[in-house]
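The values are calculated or read from the model by the stated rules, or taken from the named source; none is laboratory data. This one's a predicted model, so the numbers in the text were calculated from it and none came from an experiment. Neighbour counts are summed over all protein chains in view; Cβ atoms, including those assigned to glycine, are modelled from backbone coordinates with ideal geometry. For accessibility, only protein heavy atoms count, side chains too; no ligands or nucleic acids. Shrake-Rupley method; radii C 1.70, N 1.55, O 1.52, S 1.80 Å.
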Amino acid sequence: MESIWTSVSEFLRGPQAVSILYAIIKLIVGLVAARLVSAALVKLFAQTSPHHAAIIRRVSFYVIAGLFVASALLELGFDLSVLLGAAGILTVALGFASQTSASNVISGLFLLGEKPFAIGDIIRIGNITGEVLSIDLLSAKLRTFDNLFVRVPNETIIKSEITNLTRFPIRRFDLQLGVAYKEDLDYVRELLTEVTDRNPLCLDEPRPIFIFQGFGDSALTFQYSTWAARENYLALKNSLPTEIKAAFDEHDIEIPFPHRTLYTGAVTEPFPVRVVSADASAPGTTSDKSAPGTTSDKSASGTTS
Amino acid sequence: MKKQVWWGTFDFDDDEAGCWHVGPTTLWIYRSARSWHLVHIEAHDPLDDSASIDQPKPITDTSLSLDDLPPDANLMRYSFQETDKRCTLTPALADRSVVVKPDLPLYILAGESVTLYVSTPLWIRIEVGATPRLLQELPSIRPSDTWFGPSTREGELCYGLKTVGRLRLESLPLRLHRAITPIHVRNHGSDAMHVDRIQLPVQYLSLHEGENHFLWTEAVNLDRQAGGEVAAVRFERAPPAEAGPTTLLKGPRLQLRANMIVRTFSSIFNRLSIDT
C-alpha cells in the first residue's frame, strides 16, 4: 500500500506529470473555447438558416478542438508526423469523392467557352424543355414551361445532345395531313397555298413545302411545312390547322377516318343485310330471338348462326 | 367612288365621332371628355382601295356602338385628365423592310438599268392634342411576313408584298393608302443580272404628297457591283421628278448614318427546297 502511494507521489512530482497536467488543461480550455467560439460564429453569421448554423457550429467546433488536441498531444510528447501520413490518405480519398464535382466544374468552364446556349434561351435536354435561368459552376438551371425548376449538371450537358430552340430566328412548322383517295392532290395543294397566303404569320419566303409521303392505309398522306418567325411559331401552329380545316370543309375535301374494308371474296357469298323495322323493342336488338351480330341465314361466311 | 384625302387635322367636340375608310381598313375615332376611343376593323378584301371620311358626327349617331362591336373589331381606349379637341391623322411608311417582286421575271444585261415602280402599304398614325401625342399606329393592311437573307440562319424579317413592281408608272392606279417608290436598278457587272426579288428598306425613306394627292417616297438606287451578288443601296435626297411639286408629310423612321451601308441580297432559297 505504502509503496504504491510512494511511487504515485514520486510520479506526481516528476516532469511527466507537469506535461500531463498541461495537456489536460489545454484539452479542457480547447473544448470550452471551441464551444464558445462556434456559438459566437453561429450568432454572427447564421441566425436565419438552421442548415448553415449546424454546419458552421460543427466545423468551427472541430477545427478549434482539433487544434487544441493536437497541441495537447504535442505536450505529451507524441510525434505528429504520423498525422501527416493520415492527411495524405485523406486527400486521396477526397479526390476520389469529388470526382464528379470536379468534372462538373471543368465541363462548366468548357461550356462557358463554347456557348451552345445563353441565359434566356430555350433548350431541350433529353425530354426536359425549359428556359435557361442561369449557368453556374456545377450546373445549369432551367425553368420548364409548367413552371418547374430543373437542375442539370454540366457533365450531362457536355455529354448529351442539347437542342437550342431559340438560336435561329425562324422556325418551320410541319403539319402531317391525309386526304381521302378520291381527292385531287393538285387542287389540295392550290387550296393549301391560298390558306397560307392569307395567313400573315406564315412567311412568304421560304415558301411552304408540300411533301408527298405515301399511299396510306386510309388516306393519301403528305406533309405541309410552313415557316414562321420564332415568336409566332405557337400562334401559327394554332391558327393554320384551323384555317386548313375550314378551307377543306368549305371545299368538301375529306380528311378520312381510318378505313377497314370487309371483303368476302370472289368464291364466297356476299354478306346478307337485314333491315330491322322501326318499332323494334329496344335499340341494338333484332325482332328475332337470335343473338346480336348473327343472322339466321346459314349462307354467310364469317358469321355464326 | 370618289376618293378623299384621309390625312390631316380634325376637330372633335365632346362626344363626337368620325369614321375613316383607308383602303381595306375602317377606323372609328370617338372623343369624350376624358378619353379617346379607337375602333379598328380590318376588312377582308385586301384589294379594297376606298378612301373616305365621315366626320364629325355626334356619338349617338354612329352606326357602330361601342357596347356592341363586331367580333373582328379591335377597341383601344386612351384615358386623359382632359381631352383636347384636335386629332391629327398622318400616313407613315412600313416599320420593316418590304420585299418586292417584279411583275415578270426580269434580266438586266451588263451595263443596262431598269426602273421599277413599287407601291407599299401605309400605316395610319393617330395623334391627339395641340402638340401632337401619338395614340396608335395602325396598318391600313396587314402585310404577310417574309424572310429575306442568305439563309434561314441569318437575314431579316420583312413584309412581303402581294402586289408587284411595275415597269410603267401609268399602270399604277391612284390608291391613297399606298406610297410609290421608284427603284433604279443598275447592273455594273459583266454578266446578266436576274432580278428575282428586291428588299426595299422603307424605314429610311420619307413620305411626300405630290400631284393629284399621289403619295411618293424618294427614289432608291440599287447598284450591282462588278462580279458581286450584293447590291449597294443608295437613297436620293429629294422626291422624284415624276411626283411633280411635293410637300413633305412624314420624315423617315430611321436616320441613315454617314458611314452606314445598307445591302440587299438576291435570291437564296433554291437550295433549301430539298430538305424534308
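Of all the residues in the range B:150-181, those that are part of a loop (DSSP other than H, G, I, E, B), out of contact with any helix residue (DSSP H, G or I) (no Cβ under 9 Å at 6 or more places or on another chain) and farther than 24 Å from B:Ala43 by Cα number 6. Going by what's in this entry, would B:Val220 be described as of a type outside the set (Ser, Thr, Tyr) and either modelled with pLDDT of 85 or more or open to solvent by 10 Å² or more (accessible area, probe 1.4 Å) (or both)? The answer is yes for B:Val220. Suppose the filter is at pLDDT below 90 and within 14 Å of chain A (Cβ to nearest Cβ); does B:Val99 pass it? Spelling it out, B:Val99 is indeed at pLDDT below 90 and within 14 Å of chain A (Cβ to nearest Cβ).
Got at least one residue in the range B:200-217 being at pLDDT below 85, open to solvent by 10 Å² or more (accessible area, probe 1.4 Å) and either β-branched (Val, Ile, Thr) or touching a strand residue (DSSP E or B) at 6+ places or on another chain (Cβ under 7 Å) (or both)? Looking through the range B:200-217, none of the residues is at pLDDT below 85, open to solvent by 10 Å² or more (accessible area, probe 1.4 Å) and either β-branched (Val, Ile, Thr) or touching a strand residue (DSSP E or B) at 6+ places or on another chain (Cβ under 7 Å) (or both). Residue count for the range B:182-192 satisfying the condition of being surrounded by fewer than 23 Cβ atoms within 10 Å (Cβ to Cβ) and either assigned to a strand (DSSP E or B) or of a type in the set (Phe, Trp, Tyr) (or both): 5. Filtering the range A:199-213 to residues that are at the interface with chain B (Cβ under 7 Å from one of its Cβ atoms) and not in a loop (DSSP other than H, G, I, E, B) leaves A:Ile209, A:Ile211. Here the range A:7-29 is the region considered, the condition is being of a type in the set (Gly, Ala, Ser) and part of a helix (DSSP H, G or I), and the residue that is most open to solvent (accessible area, probe 1.4 Å) is A:Ser7. With respect to A:Leu112, is the statement that it is of a type outside the set (D, E, K, R), part of a helix (DSSP H, G or I) and open to solvent by 60 Å² or more (accessible area, probe 1.4 Å) true? In short, yes. Of the residues in the range A:267-274, not one is open to solvent by 70 Å² or more (accessible area, probe 1.4 Å), part of a loop (DSSP other than H, G, I, E, B) and under 24 Å from A:Ala180 (Cα atoms). Within this structure, B:Leu106 fails the test of being within 14 Å of chain A (Cβ to nearest Cβ), open to solvent by 10 Å² or more (accessible area, probe 1.4 Å) and out of contact with any Cys (no Cβ under 9 Å at 6 or more places or on another chain).
So that you can scan it fast, the table gives a plain yes or no per residue for (1) at pLDDT below 80; (2) away from chain A (no Cβ under 14 Å); (3) over 30 Å from B:Lys3 (Cα atoms):
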residue	(1), (2), (3)
B:Ala179	no, yes, no
B:Arg186	no, yes, yes
B:Ala232	yes, yes, yes
B:Thr246	no, yes, no
B:Lys250	no, yes, no
B:Phe265	yes, no, yes
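I'm trying to understand the selection: among the residues of the range B:116-149, which are in contact (Cβ under 8 Å) with a residue 24 or more places away in the chain, outside any strand (DSSP E or B) and away from every other protein chain (no Cβ under 12 Å)? The answer is B:Leu122, B:Gly129, B:Ala130, B:Pro132, B:Ser140. Of A:Glu183, A:Glu155, A:Glu161, A:Glu190, all but one fail to be away from chain B (no Cβ under 12 Å), more than 35 Å from the chain's Cα centre (by Cα) and either farther than 29 Å from B:Thr163 by Cα or of a type in the set (Gly, Ala, Ser) (or both); the exception is A:Glu183.
Scanning the range A:214-236 for residues that are among the hydrophobic types (A, V, I, L, M, F, W, C) and more than 14 Å from A:Ile255 (Cβ to Cβ), we see that the one that is farthest from the other protein chains (Cβ to nearest Cβ) is A:Phe215.
Among the residues of the range A:132-156, those that are farther than 23 Å from A:Ile106 by Cα and surrounded by 12 or more Cβ atoms within 10 Å (Cβ to Cβ) comprise A:Arg143, A:Thr144. Which members of the range B:150-161 meet the condition of being more than 7 Å from every other protein chain (Cβ to nearest Cβ) and open to solvent by less than 10 Å² (accessible area, probe 1.4 Å)? B:Cys158 - this is the single residue of the range B:150-161 that is more than 7 Å from every other protein chain (Cβ to nearest Cβ) and open to solvent by less than 10 Å² (accessible area, probe 1.4 Å). Can you pull out every residue in the range A:174-185 that is open to solvent by less than 70 Å² (accessible area, probe 1.4 Å) and assigned to a strand (DSSP E or B)? Result: A:Asp174, A:Leu175, A:Leu177, A:Gly178, A:Val179.
Of the residues that sit in the range A:115-131 and are touching a residue at least 12 places away in the same chain (Cβ under 8 Å) and under 16 Å from A:Ile158 (Cα atoms), which one is surrounded by the most Cβ atoms within 10 Å (Cβ to Cβ)? For the range A:115-131, the residue satisfying everything is A:Ile123. Against the numbered list (1) modelled with pLDDT of 50 or more; (2) in a loop (DSSP other than H, G, I, E, B); (3) surrounded by 11 or more Cβ atoms within 10 Å (Cβ to Cβ), A:Lys237 comes up short only at (2). Among the residues here, A:Pro153 qualifies as in contact (Cβ under 8 Å) with a residue 24 or more places away in the chain and in contact with a helix residue (DSSP H, G or I) (Cβ under 6 Å, 6 or more places away or on another chain). What do you reckon, is B:Pro173 within 14 Å of chain A (Cβ to nearest Cβ) and either at pLDDT 85 or above or surrounded by fewer than 16 Cβ atoms within 10 Å (Cβ to Cβ) (or both)? So B:Pro173 does not fit the description; no. Number of residues in the range A:61-90 that are among the hydroxyl-bearing types (Ser, Thr, Tyr) and surrounded by 10 or more Cβ atoms within 10 Å (Cβ to Cβ): the value is 2. Pairing residues of the range A:84-105 that are of a type in the set (Ser, Thr, Tyr) with residues that are assigned to a helix (DSSP H, G or I), at Cβ distances under 6 Å and at least 6 apart in sequence or on separate chains, gives A:Ser103/A:Glu155. Exactly one residue among A:Arg171, A:Arg189, A:Arg207, A:Arg198 is open to solvent by 60 Å² or more (accessible area, probe 1.4 Å) and touching a Lys or Arg at 6+ places or on another chain (Cβ under 9 Å), and that residue is A:Arg171. Could you list, in sequence order, all residues of the range A:136-163 that are part of a strand (DSSP E or B) and within 26 Å of A:Ser101 (Cβ to Cβ)? Across the range A:136-163, the qualifying residues are A:Ser139, A:Ala140, A:Lys141, A:Leu142, A:Arg143, A:Thr144, A:Phe149, A:Val150, A:Arg151, A:Val152, A:Pro153, A:Ile162. Could you tell me which of the residues A:Thr166, A:Thr196 is within 14 Å of another protein chain (Cβ to nearest Cβ), touching a helix residue (DSSP H, G or I) at 6+ places or on another chain (Cβ under 9 Å), assigned to a loop (DSSP other than H, G, I, E, B) and among the polar types (S, T, N, Q)? That would be A:Thr166, the only listed residue that is within 14 Å of another protein chain (Cβ to nearest Cβ), touching a helix residue (DSSP H, G or I) at 6+ places or on another chain (Cβ under 9 Å), assigned to a loop (DSSP other than H, G, I, E, B) and among the polar types (S, T, N, Q).
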